[in-house]
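Inspection log for the structure reproduced underneath, given as C-alpha cells.
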Protein chains: 2
Amino acid sequence: MSTKDTFLSGAAQLLGERGFTTDADMISPWLTDWRGRFTGRALGMASPADTQQVAALVRLCGDHGVPIVPQGGNSGMSGGATPDKTGDAIVLSLRRMDKVRRFDVDARQITCDAGMILQTLHEAVEGENLRFPLTLGGKGSATIGGLISTNAGGTQVLRHGSMRSQVLGIEAVMADGTVFDSLRPLKKDNRGFDLKQLLIGSEGTLGIVTAATLRLLPALADRAVLWAGLADIRDARKLLLHAERVAGDALEGFEVMPRHSLDAVLTHSANARAPLQDAHPWNALIELTADASGADALPALAQQLLESAFEQDLVADATIARNEAQAEAFWMLRDEIAPAERALGPAMQHDISVPVADMADFVADAVPKVESAFPGHTAVAFGHLGDGNVHFHVLAPQDATPGEWEESEGKTISAFVHDQVTAWKGSISAEHGIGQLKRDELARLADPAQLAIMRQVKQALDPRGLLNPGKLVPLETGAEPL
Amino acid sequence: MSTKDTFLSGAAQLLGERGFTTDADMISPWLTDWRGRFTGRALGMASPADTQQVAALVRLCGDHGVPIVPQGGNSGMSGGATPDKTGDAIVLSLRRMDKVRRFDVDARQITCDAGMILQTLHEAVEGENLRFPLTLGGKGSATIGGLISTNAGGTQVLRHGSMRSQVLGIEAVMADGTVFDSLRPLKKDNRGFDLKQLLIGSEGTLGIVTAATLRLLPALADRAVLWAGLADIRDARKLLLHAERVAGDALEGFEVMPRHSLDAVLTHSANARAPLQDAHPWNALIELTADASGADALPALAQQLLESAFEQDLVADATIARNEAQAEAFWMLRDEIAPAERALGPAMQHDISVPVADMADFVADAVPKVESAFPGHTAVAFGHLGDGNVHFHVLAPQDATPGEWEESEGKTISAFVHDQVTAWKGSISAEHGIGQLKRDELARLADPAQLAIMRQVKQALDPRGLLNPGKLVPLETGAEPL
C-alpha cells in the first residue's frame, strides 16, 4: 500500500464508518466556505465521536504528515475552515461531538463539546432561567468550537465581551496529539502562562478545540429598545457616552446605521417601517436590559435616557419601542441591512475596528475619502459603534460586472480601506478572523514584531505546520505532501 | 577588559548614572523578597528611563549573555522578582518609569508606564470621578507592571476579575529586544493570537512589560457592607448563591473567615470589635456597591438581602454596617487577619483555589484532614469564597522552633496541602504566582501536558533563557554565566 492508502485505511479503522469518509458527495458540501469565496479539496473527512478519537487521529496524521483542517459549522467569514486546493489535507469536522458534558445551574456554568451549535446552547440553558450572552446571525450553524477558534463577536459585545470573555476553560488536542485540559474552571489560577487564552482566536492553527466550559448569566427579565435619529455620526458618539453614564451596566447594545442602510432595508423588506417620521443622516439603536433584580427600574431608566438626550440636544428625534413586538421590529431593521445591501449589487465588505473613541471620526473621514478615490462607488458604515467596530461596505457602481469587479477594482478598494484603517491604528479584522481571506493583507500590514512573535509561537506548537496550513500565519515551509 | 567589564561599562554608558549602578548599598534592599524568604546577588541594577532604554539594555544583555530579573515594587509573594545566588544577573527595576502617558476620561482608559504604583493610579483617576477596580494590601508599593506580570487578584475579583480583566493593551520588550506594542486598545481585534494574554501572568519570563492601557470604571457612589454569622461553611456557599441572585451585579465582595481568625483579630487589635453579639463558627463579609446610576436603590437592596437571608434560614445572625465608619471597621477585621495570625507564631501559608462550587466542601474536608495528619497544628482557611480562593494557613504548635519548623515539618505540610488541592482539581497558586517559591511544586504537580506546552512557548520566545531565569518554568539549560 502507498503511504496515502496506509493513512486512509488507518483512519477508517480508527474512526469507523460514521467517523471517516472519502465519499466525494459526502465531503463536497464542506469544501466551500459559507460566503462561497473559497473551494478546496480533501483526502477525506473525519467526524470523530470523542476527544480520544480526535487525539488518535491527530497522531495518525502526524505519522503520515497529513495536514488537518478543523471545521465547526463551516459558517466562518474568512475561509478559515476551508482546505486548500492540493487535496493533501483532511477536513476534521467536530459536528458529531455535540453533547452537554456538565451543566451546573447554581454556578452558572456549562461544559459542552466543541460541536454543539450555538442555538442549541441557547435553548439548553433557557430552560433553567439562564442565558448565554453571545449571539450572531449564524447561530443556527455556528459551533462553540468555531466561535472559540475565531473569538466571535456579535451584538452583545458592548456589555458582555466577545467569545473570549465567555470561556472559563477549554479542552484542546495539540499538534502532537496531547490533550490540553483546562475544563474544570478555576476563577483564579496563576500557575503560569494562560494557554487557554493563546488557543482562543487561533483559528485551529495551534490546537483543535474539543470542548469548553462557558459562563452563563441570569435570563433577561426585560429590555427597552430605543431608536434615535441623528444629524451626524459624531453625535452618535456623544449619545453613546451619555447612555453609558445614564444606564451603566444596563446598556447592552448600541448600533448605528446611516440613512443609506435604513433606506435599503425599507426598500428590501415589505414589512419594514421607519421608526421615526423624518429621515435622518444617521440612526442609533440602543438596547437596555435587566435581569430580575433590575427589571422594575428599567422603563423609568429608558425614559430618563430619552428625556435627558433630548434636553442635551444629543438627538434630532427619538422613540422607545412601545412593546416587545416593536422592539423586535427595530432590531429587524438592523439585522436586515446585510441582505438589503446585498440586493443592491456587489460590494466589498470590511470588518474593521479602530479605538472606540476614534470610530466616529474615522467614519466621517474615510467614507468621503473612499468615494472620492473610487468615483461611482458608495461607502456605507454600520454596526457596533460602541465597540469601535463597523462593517464598512463599498458598493460597486450600477454598471459593474459582478465577479469581474471584485477581482479587479474590488481588491484595490479593499487594500485602500485597510490602509486607512491601519493609519488610524485599527484592525483589519475586528470580528471575522484572518483565515485565508485576509492572510496576505495581515502579512502586508501587521506590525512585523507581532507577526514574528506569532510565527515563533506557531513554530513552537506546530513545528511541522500540520494544523490548518495556509491560514493566519503559515510557516514558511508547510507539510510534505503524501 | 573582561566580558563582564565590557558589559558593565556598556550598561553604564547606555543608562547613565541614574540608570545603572553596581553600588552594593544601593542594590542590597532589592535582593531580598518582600517576605524575606529569598536573597540573591546581582551584577548590577538597571533603572531605565523609558522603553527604548529597556530595549537597548535587553539587546546589550543578549550580546553578553547576561540574565535579567525584571522587578516592580518587589512586593511579590513568591520570590519572582528576586535574583538567584550566582550574581550573574542584573536586576531591571521599572520603578523609574512611572508616568501617565495618556488619560482618556470619556473612554475610561488610562495608559501608564509599568513602574506606576497602584495607589498613585487610584489617586490619579479619582479626581475624574473614576476608579480602577483592583486593590490589594501592597498597593503602596506594587506597580502596574508587576501586577500584570503576576495577574494579581485582590478583594474585588468577584465582580471585576483579576488584573487580566483590567488590561486593554500592553507594551513589552521581548527577549531579543523588539518592542511588542498593543497599547492603543481595540475593543475588538481578531488578527491572530492574543499575545497580550500570553504575557499577562508570565512573571517576566517571556517579556518585560513596560506600559499598559487599563480600563476604568465610574467612581463608586455608595456601598453597603453586611456581616453574617454562620453555623457552617457550606451555609456560606448557599448565602453566596443567594446574594448573587438578589444583588446581581451589585455584589462586589464576599469574604469568609472562621471563628479562629476573628478571635485572633479581636485579640491582636485593640480597636477591633465583633460585629455580632455571639460568636459563630463562620463569618461572611458581603459588600454591595453602586455607581451614581444605582446608588438610590442600594440601601433597599441590602435590606432585602438581609431579610430574605433570615427568612430562608441562611444566616444565624447578620447585620448591616450603619455608616461608612462601621463599614470600614468590618473590612478592618478582614484585613487584619494576616498580621493577627502572624502574631500567633509561624505558619505555612497556601494561596489555593478549587472550582468555586467546591470550595466549601474542600475546606470542610481538608481542615480536619490536615489537623489529624499533623497533630498539634491548626488549619485555618479564610478569604475569597466567591472566587473559590482561600488563604489556607497551617499554624505551628506552640512549642515549634521558628525557622526549623518551616524547613522540616512545614515543607511536608505544604506538600500535603498541595496534594489535597490537586486531588480536588484546584490550583496551588490562585493569586500569588509561581516565582521560585512554588517552582518545584509546579513541576511535581502540574499536568505534564501543560508543563510541556509552557516549556515550548518559553523556548520559542526566550531560547537562551535570559529572562527571569529559574522562575516559573525554567529551561533545562540556562544562560552561560559570564
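The figures follow:
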{"quantity": "Residue that is surrounded by the fewest Cβ atoms within 10 Å (Cβ to Cβ) [pool: residues in the range A:140-153 that are within 14 Å of chain B (Cβ to nearest Cβ) and in contact with a Gly (Cβ under 7 Å, 6 or more places away or on another chain)]", "calculated": "A:151"}
{"quantity": "Scope the range B:123-149; condition assigned to a helix (DSSP H, G or I), among the small types (Gly, Ala, Ser) and under 16 Å from residue B:107 (Cα atoms); matching residues", "calculated": "B:124"}
{"quantity": "Cβ-Cβ under 8 Å pairs, at least 6 apart or on other chains, the range B:6-24 side assigned by TED's automatic domain parsing to the domain that holds residue B:49 and in contact (Cβ under 8 Å) with a residue 60 or more places away in the chain, far side of a type in the set (Lys, Arg) and not in a helix (DSSP H, G or I)", "calculated": "B:18/B:96; B:19/B:96"}
{"quantity": "Single residue of the range A:425-440 satisfying the filter (surrounded by fewer than 20 Cβ atoms within 10 Å (Cβ to Cβ) and closer than 29 Å to residue A:156 by Cβ) that is nearest to the other protein chains (Cβ to nearest Cβ)", "calculated": "A:425"}
{"quantity": "Selected residue (only one of A:288, A:305, A:301 is among the hydrophobic types (A, V, I, L, M, F, W, C), in a strand (DSSP E or B) and within 14 Å of chain B (Cβ to nearest Cβ))", "calculated": "A:288"}
{"quantity": "Selected residue [over 30 Å from residue A:78 (Cβ atoms), more than 9 Å from chain B (Cβ to nearest Cβ) and modelled with pLDDT of 95 or more] from A:214, A:226, A:220", "calculated": "A:226"}
{"quantity": "Residue among A:448, A:463, A:397 that alone is in contact (Cβ under 8 Å) with a residue 60 or more places away in the chain and surrounded by fewer than 15 Cβ atoms within 10 Å (Cβ to Cβ)", "calculated": "A:463"}
{"quantity": "Pair list, Cβ under 6 Å, 6 or more apart: the range A:168-196 residue on the phi < 0 side of the Ramachandran plot and in a strand (DSSP E or B), other residue surrounded by 19 or more Cβ atoms within 10 Å (Cβ to Cβ) and acidic (Asp, Glu)", "calculated": "A:181/A:171"}
{"quantity": "Residue B:137, sole failed condition from (1) touching a residue at least 40 places away in the same chain (Cβ under 8 Å); (2) under 22 Å from the mean Cα position of the chain (by Cα); (3) surrounded by 21 or more Cβ atoms within 10 Å (Cβ to Cβ)", "calculated": "(3)"}
{"quantity": "Residues of the range A:197-212 that turn out to be part of a loop (DSSP other than H, G, I, E, B) and either more than 22 Å from residue A:459 (Cα to Cα) or aliphatic (A, V, I, L, M) (or both), as a count", "calculated": "2"}
{"quantity": "Residue check for residue A:394: in contact with a Pro (Cβ under 9 Å, 6 or more places away or on another chain) and either at the interface with another protein chain (Cβ under 10 Å from one of its Cβ atoms) or in a strand (DSSP E or B) (or both)", "calculated": "no"}
{"quantity": "Scope the range B:157-167; condition surrounded by fewer than 23 Cβ atoms within 10 Å (Cβ to Cβ) and in a loop (DSSP other than H, G, I, E, B); matching residues", "calculated": "B:161"}
{"quantity": "Subset of the range B:163-201 that is over 17 Å from residue A:163 (Cβ atoms) and among the acidic types (Asp, Glu) - its residue that is nearest to the other protein chains (Cβ to nearest Cβ)", "calculated": "B:181"}
{"quantity": "Condition check for residue B:271: modelled with pLDDT under 95, outside any helix (DSSP H, G or I) and on the phi < 0 side of the Ramachandran plot", "calculated": "yes"}
{"quantity": "Per-region count, the range B:401-445, residues free of Cβ contacts under 8 Å to residues at least 60 places away in the same chain and either over 29 Å from residue B:31 (Cα atoms) or among the polar types (S, T, N, Q) (or both)", "calculated": "8"}
{"quantity": "Verdict on residue A:295 being surrounded by fewer than 17 Cβ atoms within 10 Å (Cβ to Cβ) and within 14 Å of chain B (Cβ to nearest Cβ)", "calculated": "yes"}
{"quantity": "Condition check for residue B:72: in contact with a Gly (Cβ under 7 Å, 6 or more places away or on another chain) and not assigned by TED's automatic domain parsing to the domain that holds residue B:187", "calculated": "yes"}
{"quantity": "Residues (part of a helix (DSSP H, G or I) and among the small types (Gly, Ala, Ser)) located in the range B:325-363", "calculated": "B:325, B:327, B:329, B:338, B:340, B:343, B:357, B:360"}
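The values are calculated or read from the model by the stated rules, or taken from the named source; none is laboratory data. Just so it is clear, the structure is predicted and the values come from calculations on it, not from any experiment. For neighbour counting, all protein chains shown are included, and Cβ atoms are generated from backbone atoms with ideal geometry for every residue, glycine included.
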